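Here's the structure, in structure tokens; my notes come after.
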Amino acid sequence: MRNLGSLEQPKPVGPLKVGDAKAMRDAYGETLVALGAKDKNVVVLDADLSGSTKTGLFAKKFPDRFFNFGIAEQNMLGAATGLALSGKTVFASTFAMFATTRALDQFRNALAFSKANVKVVVTHAGLMTGPDGASHQSLEDLAVARTLPNLTVIAPADAVETSQVIELAARERGPFYVRLVREKTPLLYDEKYRFKLGKASVLQDGRDLMVFAIGPMVAEALKARGLLKAQGFDIGVVNTASIKPFDAQTVVKYAKRDGFLFTVEDHSVLGGLGSVVCEVLAREQPAYVYRHGTHDLFGESGESKPLYKKYELDAEGIALHVKKALTYKQKVLRR
Amino acid sequence: MSETRVQLIERLKKIAHRMRVHILNMTYWANSGHPGGSMSATDIVATLYFHQMKHDPQNPKWADRDRFVLSKGHCTPVLYAALAEAGYIPVEELKTFRQVNSRLQGHPNLLKCPGVEASTGTLGQGLSMAVGMALAAKLDQKPWRVYCMLGDGESQEGQIWEAAMSAAHYKLDNLVAILDWNKFQIDGAVENVMNIMPMLDKFKAFGWNVAEIDGHDYNQILDVLEKAESSGQRPFFIQANTSKGKGVSFTQDKGDYHGRALTKEEMQRAMTELGEKFG
């Protein structure tokens, strides 16, 4: 018997609107089911986490095209490569940490090196993994994934964007890494939104500082914008879901205008979004960058909210750091 | 007129002879590479490419071809020798082995070299890819089969056992794994570095059908590959007892030639022994 884990059925709900909460992984599972109905070539793999990653929704609908590999991520990514080399469009899911560190050799040498048509869609990225603690939290996966040649790397900001990214990944040939988080996050987009590979999405412009955010940080940054507005500050928010390819143009544009940018990620500042932005600017438009995220540390247990509070990744924390950044900005740009 | 068993074996032996010459030349020209484990695998690889497998060198991506995965990826010389003899690549091209801009990379690269089915190199990964391929054939209800060659030292990797478990779980009777039991790895005898035996018992316990053969006896190779074609819902494991460096008296059964080419003097001796010209 294939183990479907603690598979919960999504509750039937009416059409969601911007601001409503929905988990990216729910959107992933639903989109997989839709893709599976359209394309018989789509197969889905999991490593005993199908209840959590939501691939279980596909497994229930298309049991013949779902393969549970048990707690063996290395074999799963290898087999995913073999299936893709034989013509299948493969989605393989587990937690972010297991895909990028446990099975890194297989990810690199089998999957990415072969340009295999495998979409590694991971959940439970960042501190939002919650009470499981450091062993299950992934604060390095973007840094790892983006250094793998041939790989496209995307971290969507909400459930709407997630669905579009998954559809795009199924359409485009080649390996993808898609980074999702566990908790429900507010919808930022409606169905009119179109995700574009290699394009950032400017949600708000701001006079004082542009905040480049990724994944669940985009919603928190928008909330921070509201908090700061009440205090007389005007910040903009850019969603940089497409990490590789990356929208250098948008970053350069605001660096030219402001001379100072702010990045925030539920990830280590070593190698993640902050690094990507700095790499672009070092080459094209030198500017100051305030990088907010985790700083060279392992996570710890706790519910997502108090963890975000402790690591100052919630709206209040981001607002605090934005103010620090603005003080610093004034100092350095006046010189 | 169809070929008799005797004629078939004579033909395979001639091809294997040329393959061994290619292996020695390639590694000598490159002054690196792995001749020992390539020569131990030669008779089996020759039988696969020139008798057992359905494939088309004119159409390397033919969808219904049988697949060969060289999980012990460092033994590219035996693979390239087979691909050259079959016509996937010109024999002349073997001179470029391990050189800049060559399609013949030190370890197999499917994006560069026609006929290479899997990019292997870090050990333990080929069997997983073979499992994925065999699953795809099952999904599409296609009769093509997957042959995967394992190294003995390679079997120390945990991933081999993850793959072995999954192949039996998904009843992949279209998958054959062949262990090249030549008994040596870089640091010495496998049994001294980290013993892997008994492999037949291990694979049997993992749910595979198993068989043991002399990997240089063509009658045994032909028989076991035929037997493996009807494996009744189980993947098939073959322990092929081989000699490292098989084919040349002074390389045979020696760990020394695992990862180094022959010297000029050794090449002269080897080629004389094989009845071939050198230089």
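Some observations on this one:
- Looking only at residues of the range A:90-117 that are of a type outside the set (A, V, I, L, M, F, W, C) and more than 19 Å from residue A:55 (Cα to Cα), we find that the one that is surrounded by the fewest Cβ atoms within 10 Å (Cβ to Cβ) is A:101.
- Taken together, the residues in the range B:30-49 that are out of contact with any Lys or Arg (no Cβ under 7 Å at 6 or more places or on another chain) and more than 21 Å from residue B:152 (Cα to Cα) amount to 2.
- Within the set A:99, A:112, A:213, A:116, the sole residue that is farther than 25 Å from residue B:129 by Cα and of a type in the set (A, V, I, L, M) turns out to be A:213.
- Residue in the range B:239-277 that is farthest from residue B:217 (Cα to Cα), counting only those that are among the small types (Gly, Ala, Ser) and free of Cβ contacts under 8 Å to residues at least 40 places away in the same chain: B:275
- Residue within the range A:125-145 that is in contact (Cβ under 8 Å) with a residue 40 or more places away in the chain, within 9 Å of chain B (Cβ to nearest Cβ), hydrophobic (A, V, I, L, M, F, W, C) and farther than 30 Å from residue A:202 by Cβ present: no
- Residue that is farthest from the other protein chains (Cβ to nearest Cβ) [pool: residues in the range B:162-185 that are within 19 Å of the chain's Cα centre (by Cα) and in a helix (DSSP H, G or I)]: B:164
- When the range B:205-246 is filtered for residues that are assigned to a loop (DSSP other than H, G, I, E, B) and of a type in the set (D, E, K, R), the ones remaining, listed by number, are B:217, B:229, B:234, B:244, B:246.
- Counting only residues that are small (Gly, Ala, Ser), in contact (Cβ under 8 Å) with a residue 40 or more places away in the chain and out of contact with any Ser or Thr (no Cβ under 8 Å at 6 or more places or on another chain), the range A:243-270 holds 1 of them.
- Verdict on residue A:275 being assigned to a helix (DSSP H, G or I), of a type in the set (S, T, N, Q) and touching a residue at least 12 places away in the same chain (Cβ under 8 Å): yes
- Any hit, the range A:13-25, residues being part of a helix (DSSP H, G or I) and at pLDDT 95 or above: yes
- Selection of the range A:223-233 for residues being in contact (Cβ under 8 Å) with a residue 24 or more places away in the chain and farther than 17 Å from residue A:324 by Cβ yields A:223, A:226.
- Answer residue from the range A:81-105, given it is more than 21 Å from the chain's Cα centre (by Cα) and assigned to a helix (DSSP H, G or I) and is nearest to the other protein chains (Cβ to nearest Cβ) among those: A:82
- Residue A:121 within 13 Å of chain B (Cβ to nearest Cβ) and assigned to a strand (DSSP E or B): no
Matching residues to (1) within 8 Å of chain A (Cβ to nearest Cβ); (2) assigned to a loop (DSSP other than H, G, I, E, B):
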position	(1), (2)
B:110	yes, yes
B:114	no, yes
B:119	yes, yes
B:122	yes, yes
B:128	yes, no
B:131	yes, no
B:136	yes, no
B:142	no, yes
B:149	no, no
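- Contacts under 6 angstrom Cβ, first residue in the range A:175-202 being of a type in the set (Ser, Thr, Tyr), partner part of a strand (DSSP E or B), 6 or more apart: A:177/A:120; A:177/A:153; A:201/A:239
- Filter result for the condition that a residue is more than 14 Å from chain A (Cβ to nearest Cβ), over 27 Å from residue A:108 (Cβ atoms), over 15 Å from the mean Cα position of the chain (by Cα) and crowded, with 21+ Cβ neighbours inside 10 Å, over B:94, B:104: B:94
- Meets criteria (buried (at least 23 other Cβ atoms within 10 Å of the Cβ) and in the same structural domain as residue A:205 (by TED's automatic domain parsing)) for residue A:269: no
- Residue count, the range A:206-230 (criterion: touching a helix residue (DSSP H, G or I) at 6+ places or on another chain (Cβ under 8 Å), farther than 18 Å from residue A:289 by Cα and part of a loop (DSSP other than H, G, I, E, B)): 1
- For beta carbons closer than 6 Å, sequence separation of 6+ or different chains, a first residue in the range A:49-69 that is within 12 Å of another protein chain (Cβ to nearest Cβ) and within 20 Å of residue B:167 (Cα to Cα) and a second that is hydrophobic (A, V, I, L, M, F, W, C) and in a loop (DSSP other than H, G, I, E, B), the qualifying pairs are A:69/A:47.
- Which numbered condition residue A:287 misses (of (1) more than 19 Å from the chain's Cα centre (by Cα); (2) surrounded by fewer than 21 Cβ atoms within 10 Å (Cβ to Cβ)): (2)
- Any hit, the range B:143-163, residues being of a type in the set (Phe, Trp, Tyr) and crowded, with 24+ Cβ neighbours inside 10 Å: yes
- Highlighted here are the strands (runs of 3 or more DSSP E) found entirely within the range A:128-205 that include at least 1 residues which are in contact with a Leu (Cβ under 8 Å, 6 or more places away or on another chain) and buried (at least 21 other Cβ atoms within 10 Å of the Cβ): A:152-154, A:176-179.
- Of all residues in the range A:84-111, those that are without any contact (Cβ under 8 Å) to a residue 24 or more places away in the chain have Cβ atoms under 9 Å from Cβ atoms of residues that are not in a loop (DSSP other than H, G, I, E, B), 6 or more apart or on another chain, in A:86/B:67; A:86/B:132; A:86/B:133; A:86/B:134; A:86/B:135; A:86/B:136; A:86/B:137; A:86/B:139.
- Listed by position, the helices (runs of 4 or more DSSP H) inside the range B:1-89 whose residues that are more than 14 Å from residue B:113 (Cβ to Cβ) and touching a strand residue (DSSP E or B) at 6+ places or on another chain (Cβ under 9 Å) number at least 2 are B:35-47.
- Taking residues in the range B:224-238 that are more than 9 Å from residue B:174 (Cα to Cα), and partners anywhere that are of a type in the set (Gly, Ala, Ser), the pairs with Cβ atoms closer than 6 Å and at least 6 places apart or on different chains are B:224/B:211; B:237/B:177; B:238/B:211.
The values are calculated or read from the model by the stated rules, or taken from the named source; none is laboratory data. These figures come from a predicted structure and were not determined experimentally. Cβ coordinates were reconstructed from backbone atoms using ideal geometry, including for glycine residues, and neighbour counts include every protein chain displayed.
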